[in-house]
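A quick write-up on the structure given underneath.
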Amino acid sequence: MKIEKKDIILESKPARWGTKAYHDAKKLYLSAFPANERFSIFSLLAMSLKANVKFHALYDQDVFCGIAYYVESSSTVYLTYLAVNQDLRGHGYGSKILTMLEEKYPDKQIVIDIEPVVPTAKNYKQRVSRLKFYERNGFHRTDQKLKDQDGEFEALTTAKKLDKSGFAKTLKDMSFGFYQFKIEK
């Protein structure tokens, strides 16, 4: 697929059961994230029925370019999943999605979690690349880790300092209180 550089104008569509947006989002979600780091599709859909939980497919004109799954609370937006269509990676879509969220929620910390950047990891170079991408887009490292049944993840935020209690509230709210986690150093 040949990509021409142009202005990216994103349209965000809810990924609701049975829609084209859902089918596009589901396919990318299943291919972009390892099985052990994914909620079930049923869980994603159920959680996204809450007004503050968004499961969106993103389009540039009619071209499907990515997904964003996030939850908003009074102080925090937790970007649980962000993925760009593999054919469009490296063309500014990930940065544009992050900018869109920052513009929509200017007074809230945006939090993401990534695999820890440790030299012994099999995908160390990918982890370094992911960290650099988020740092270029205004995120910075915190001294906090999100620990759950799937492992340990490093929390990054756009705020000067991670609002740990706001992040925890957002995680609980997203999952109806069923998600078991710890946030610690």
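The values are calculated or read from the model by the stated rules, or taken from the named source; none is laboratory data. As the structure is a prediction and not an experimental result, all values here were calculated from the model. Glycine also receives a Cβ, built like all others from the backbone with ideal geometry; neighbour counts cover every protein chain displayed. The area values use the complete protein model at the heavy-atom level, side chains included, leaving out ligands, DNA and RNA. Shrake-Rupley method; radii C 1.70, N 1.55, O 1.52, S 1.80 Å.
Observations, loosely collected:
- Restricted to the range 1-24, and to residues there that are open to solvent by 70 Å² or more (accessible area, probe 1.4 Å) and of a type in the set (A, V, I, L, M, F, W, C), the residue that is modelled with the lowest pLDDT is M1.
- In the set A46, A51, only one residue is under 20 Å from S175 (Cβ atoms) and open to solvent by 50 Å² or more (accessible area, probe 1.4 Å); that residue is A51.
- Residue ID - least open to solvent (accessible area, probe 1.4 Å), chosen from residues in the range 114-126 that are out of contact with any helix residue (DSSP H, G or I) (no Cβ under 6 Å at 6 or more places or on another chain) and closer than 20 Å to Y29 by Cβ: N123
- When L156 is tested against (1) touching a strand residue (DSSP E or B) at 6+ places or on another chain (Cβ under 7 Å); (2) not in a strand (DSSP E or B), only condition (2) is not met.
- Set side by side, the residues K27, K132 differ, and just one is free of Cβ contacts under 8 Å to residues at least 40 places away in the same chain, within 21 Å of L162 (Cβ to Cβ), open to solvent by 70 Å² or more (accessible area, probe 1.4 Å) and not in a loop (DSSP other than H, G, I, E, B), which is K132.
- Selection count, the range 76-103, where residues are small (G, A, S) and modelled with pLDDT of 95 or more: 3
- The number of residues in the range 159-185 that are in a loop (DSSP other than H, G, I, E, B), open to solvent by less than 30 Å² (accessible area, probe 1.4 Å) and free of Cβ contacts under 8 Å to residues at least 24 places away in the same chain comes to 0.
- Residues (part of a helix (DSSP H, G or I) and open to solvent by 10 Å² or more (accessible area, probe 1.4 Å)) located in the range 95-113: S95, K96, T99, M100, E102, E103, K104
- Number of residues in the range 135-152 that are in contact with a Lys or Arg (Cβ under 7 Å, 6 or more places away or on another chain) and crowded, with 18+ Cβ neighbours inside 10 Å: the value is 1.
- Test: residue in the range 31-42 that is within 17 Å of D173 (Cβ to Cβ) and surrounded by 14 or more Cβ atoms within 10 Å (Cβ to Cβ): yes
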